[in-house]
Structure formats: structure tokens, C-alpha cells
């Protein structure tokens, strides 16, 4: 029992370093996800800006067409008014001409405002494209470095696996099963007792449980279910 207990504690101690490698790998994967999300967010904003710019461009084209049509209509009315001989019809024609001219002037003003807005939007869009390209390149470079670090950590983990397998083989199957079960649930499945209590949840052990731990027997915490031991 002593040999198996010592082997188990050795496995637990080994897994603490092993777990750090796994944590670093997981953290690196999370860092890549964060970078991808950042790029995706920038891309979404850029696409939204491009869509707004396209909508504005279409608005400019529509107003430009409206101005052209009003100019043609105004010229036609001017010719028609000049050909009118009746005073009453002439006055009515002038009113129509004034209305078309005022409408055309309002449309031209709107057209100039939209052109300025389109120009401002184009500048923002060009800047956003440049910023996105810079972000994309920087992100890809950072991801390559992270992937290289992950590959190195994976190789390190792989090199440790034979030693871990040997330690695992020396542990009693029932103890190993309980350990593996808790290992998949928490990062610290085995903890020392402190002042006759679990050092994680502070569950107070009974005198019999304390005695068992002191005799190098594994005791499971009745509160958090971690395995308790004393070196």
C-alpha cells in the first residue's frame, strides 16, 4: 500500500507540471480565438461601412438623376412660357416655372450635401480598410507565433507522456479510477489537509479520517469530493 501510495503521490506531483502545460496550450488556443474574434468584429464593421457607402452612392445617383430631369423640365417650361400669348396662361406658366426652379434648386442643394457626405464616407472607408489590413497582418503574425508555441508545448507534453504512463501503471486501479474521475472535473483533484481539514473547501475531517490520512490512506472529502492526503 505504501508503494502504491507513494506512486500515486508521485503521479499527482507530476500531473501538476503536466497540467500547467495543458493550461498553457488551452490559454494559447483561447488567445487565437480572441484574435479571430477581433478580426471578425473589424471585418463586420468594415462590411457595414461599405454597405452604407454603397447606399449613399445610390442615393447620390438618384438625386443626380432627379436634378437632370428637373433641369430638362425647367428648360422645356421656359420655352413653353415664351411661346404663350395669353396673359393669364403666361402668369400660370411662370408659377409653374418658379415651382420647378425652386424644386430643382432644392434638389441641387441636396445633391451637393450628399456628395460631401459621400466624400467624407469614402475617406472613413479608406481609413477603415487600411486599419483592417494592418490588424489582419498583425493578427496573422501573432497567431503564427502562438501556433509555434503550442506546437512546442505539445511536443513537450508528448515527451512527458511515457513517464506519466509509467507512474500511472504503478498506481492501484481503484485509486487511479477515482483520481481520473476527479481530474476531469477539477484542476486540483488531490489536495493536502491543513489543520485536519480539506485545504480547498475547509471540510473538517473526523478523527478517524485524519488518522487514515496520517497512515497514508487516501480519504475523499465529503464536501467537495477531492482526494485528501498528507505527504
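Assorted remarks:
- Considering only 77, 35, 167, the mean-square fluctuation computed in a Gaussian network model of the chain, springs between alpha carbons under 10 angstrom, is largest for 77.
- Result for the chain in a Gaussian network model with C-alpha springs under 10 Å: among 120, 36, 72, the largest mean-square fluctuation is at 72.
- Centre-to-centre, using Cα atoms only, region 61-105 and region 168-203 are separated by 92 Å.
- For the chain, built as a Gaussian network whose Cα springs stay under 10 Å, the top-fluctuating residue of 85, 159, 187: 85
- Inverse of mean 1/r across different Cα pairs in region 103-216, Kirkwood, Å: 21.6 Å
- Where [x] 23.0, 69; [y] 39.1, 124; [z] 21.2, 71 are the candidate values, the label of the one calculated here for Rg and Dmax of the Cα atoms in Å is [y].
- Translational diffusion coefficient of region 31-129 (Stokes-Einstein, Kirkwood radius from Cα pairs, 37 °C, 0.692 mPa s): 196 µm²/s.
- Helix content alone sets the calculated 222 nm mean residue ellipticity of the chain: runs of n ≥ 4 DSSP H residues at -39500 (n - 2.57) each, divided across all residues, give -29500 deg cm²/dmol.
- Virtual spin-label span in nm between residue 21 and residue 220, 7 Å along Cα→Cβ: 2.9 nm
- Global form of region 172-231, assessed from the alpha-carbon gyration tensor, a/c cut-off 1.5: oblate
- Bridge orientation summary for the chain: considering DSSP beta bridges with both residues in this region, about 60 percent are antiparallel.
- Over the chain, relative contact order from alpha-carbon pairs under 8 Å, at least 6 apart, %: 27 percent
Rule-based calculations on the coordinates, nothing more; no lab input. Predicted model only: the values in this text are computed from it and were never measured. Quick reminder, even Gly has a Cβ in these numbers, built from the backbone with ideal geometry, and neighbours come from all protein chains shown.
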